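Report on the structure given below.
All of the numbers you see were taken from the coordinates with simple rules; none came from a lab. Fair warning: this is a prediction, and the values are worked out from it, not measured in the lab. As a convention, Cβ positions derive from the backbone with ideal geometry for all residues, glycine included, and neighbour counts pool all protein chains shown.
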Amino acid sequence: MPDPSNAIHVEEVPAERPWSRVLKRGQTLRIVDIEGQQAVDALLYCLDVPGERYSAQDTLRTQGSAYLGLGTKLVSNRGRVMAAITADTCGQHDTSAGCCSCESNAVRFGEQTKYQHACRENFILELSKHGLGKRDIVPNLNFFMNVPIDPSGNFTVVDGLPGSGHYVDLTAEMDVLCVLSNCPQVNNPCNGFNPTPVRVLLWDPLSAR
Amino acid sequence: MQVGQRFRAILAKDEILEQGMVDIAEVNRRRYEALRAAGQDAAPRTLPLATALDGAPVADAAVIAREEVPFGWYTTVPLRRGEAVRIVDKSGRSSVSVIGWREADTSERLNCADTAKVQWSAALSKGRVILTDMGRVFLSLVEDTSGAHDLLVGGSTPEGGSTRNTRDNFLAAASKLGLGLRDIAPCVTFFAPVSVDSGGRFVWNGHAKRAGDFVDLRAEMDLVLVLSNCAHPLDPARPAAGGPLTVVRHRAPPAAQDDACRTMSPEIARAFDFTDRLYA
């Protein structure tokens, strides 16, 4: 269990803002939902060849089930393990619902919601720092977001977990660029209708601590 | 009250804050409830019944092109708005994984996540649509005998030793269009009866596959599709499963105002409106 006192980097990601950092193989990133009910959208890219990136379908096919949790291997579009979920106080995270965008908000909630900040705006701005763009955005990881799928196919974004301090740890199994969007969505329950800050902590590999 | 009037009655967040209400969550929750009430005034239509196996013949005069795709192979299908493709699983043993791009801007593409999220369902069937990432309708399922398709698991891969597989097929097809790995998003797979059980595990419902099952996908914009004819990765018969596909490109009028797909829900009606604006 990583100890917060020996993290090499600690940072608060303000509500509605993006964040990115390279995770070296063996490093562990913790994302903490400080106040509760806050979804965090995440993408991973192979540092050497960014065309290789996180793939929701390859991840789900490999584990044979529809939700992410402790032990899930996050798999690339080349079938390689990019990272693993090595701690999780939450139990169930989505990777099938994608990120919010101005355009999908307009379809879902009415055209007047087109002019609200959205995760895809965050991803585009953050990816632009690394030479990547909209073309590189794929359906992402949605930490702390619960989207149950029932046997008939019904697919619903439900309330995020209440309670402060839930966290999830990702341990990189290759050098990856990790891009986060602290989700600004206010039109459905994924953020409790009130986007709040999250905290990230980074640890070196166990052997280096 | 008309929907538009109701929307105008919802105060902007800043206006309410100026009036002294500081509970942002409460303001947003009230807006969500108002939007949901507006959206649900017109309850989602009952979806049409599945097409019969011997139903909906394509008139010879409407056929533009016809192709047989051997098991394990792929084909690239350009479609104009006003055209459709019929995909027939003759043997009942194939699955067809599909990706695609808008011709005028290939960064706009078939998007499985928005397709499920906007329709509140991961189950595709006749009357449903497939969306792009830009809030527009890419394809409409205007005919469908099967109703057993997969948005979640994706296509087959080289792992397990299959020489011909969907991952490699997509890469080859994309490359021949000047596109590459960056342009290959998650796919939809037709004739792939996958469901999710109460424990979250994927289940293969093989009994739902029949010889001759077909879908008609109507293009709502000018686009390019790639179809990969491989066994689905959850199909216990893979990689031996499979047979040839029949692919028929044909003329199909664009969605009328009373079209069954267009009127499926308020969300989808908006997605059609936004798509129509490309051609207004």
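For the protein assembly as shown, the average shadow cast by the Cα convex hull is 23.2 nm², which is a quarter of the hull's surface. Once the convex hull of all Cα atoms in chain B is built, its volume per residue stands at 164 Å³.
Taking the Cβ-Cβ separation of residue B:163 and residue B:54 as r and a Förster radius of 30 Å, what is the calculated FRET efficiency to the nearest 0.05? Plugging the Cβ-Cβ distance into 1/(1 + (r/R0)^6) gives 0.25. Between region B:58-92 and region B:170-227, the C-alpha centres lie 14 angstrom from each other.
Quick check: the distance between the Cα centres of region A:127-202 and region A:87-107, to the nearest angstrom? Region A:127-202 and region A:87-107 have Cα centres spaced 5 Å from each other. What the Cβ-Cβ distance of residue A:115 and residue B:257 gives, at R0 = 30 Å and to the nearest 0.05, is a FRET efficiency of 0.65.
Using a simple spin-label model with pseudo-atoms 7 Å out from Cα toward Cβ, residue A:73 and residue B:80 lie 4.8 nm apart. Once both labels are positioned 7 Å from their Cα atoms along Cα-to-Cβ, the gap between residue B:65 and residue B:197 label points is 4.3 nm.
The stretch between residue A:8 and residue A:130 holds 41.7 nm of extra length on full extension. This uses 0.36 nm per residue minus the Cα-Cα distance. When you restrict to C-alpha pairs under 8 Å that are six or more residues apart and normalise by the size of chain B, the relative contact order lands at 33 percent. Cβ-to-Cβ counts within 10 Å put A:117, A:9 in ascending order as A:9, A:117, the fewest first. Counts of other chain beta carbons within 10 angstrom of each beta carbon in peptide A:54-66 average 6. Computed from Cα atoms, the angle from the helix A:119-128 axis to the main principal axis of chain A rounds to 40 degrees. Among the listed pairs B:126/B:209; B:90/B:126; A:24/A:129; B:90/B:209; A:134/B:117; B:176/B:209, those whose Cα-Cα separation exceeds 22 Å are B:176/B:209.
Among A:31, A:137, A:149, the largest mean-square fluctuation in a Gaussian network model of chain A, built with springs joining Cα atoms closer than 10 Å, belongs to A:149.
By the beta-carbon count within 10 Å of each Cβ, the least crowded to most crowded order of A:95, A:113, A:86, B:76, fewest first, is B:76, A:86, A:113, A:95. Size descriptor for region A:8-208, Kirkwood hydrodynamic radius: 16.7 Å (Cα pairs only, one decimal). Remark: C-alpha extents of region B:154-270 on the principal axes read 48, 42, 29 Å, sorted largest to smallest.
If you line up the long axis of helix B:24-40 against the longest principal axis of chain B, both from Cα atoms, how many degrees apart are they, to the nearest 10? Once rounded, one gets 60 degrees.
Three semi-axes describe the equivalent ellipsoid of region A:61-148; taken as square roots of 5 times the Cα gyration tensor eigenvalues and ordered largest first, they are 26, 18, 11 Å.
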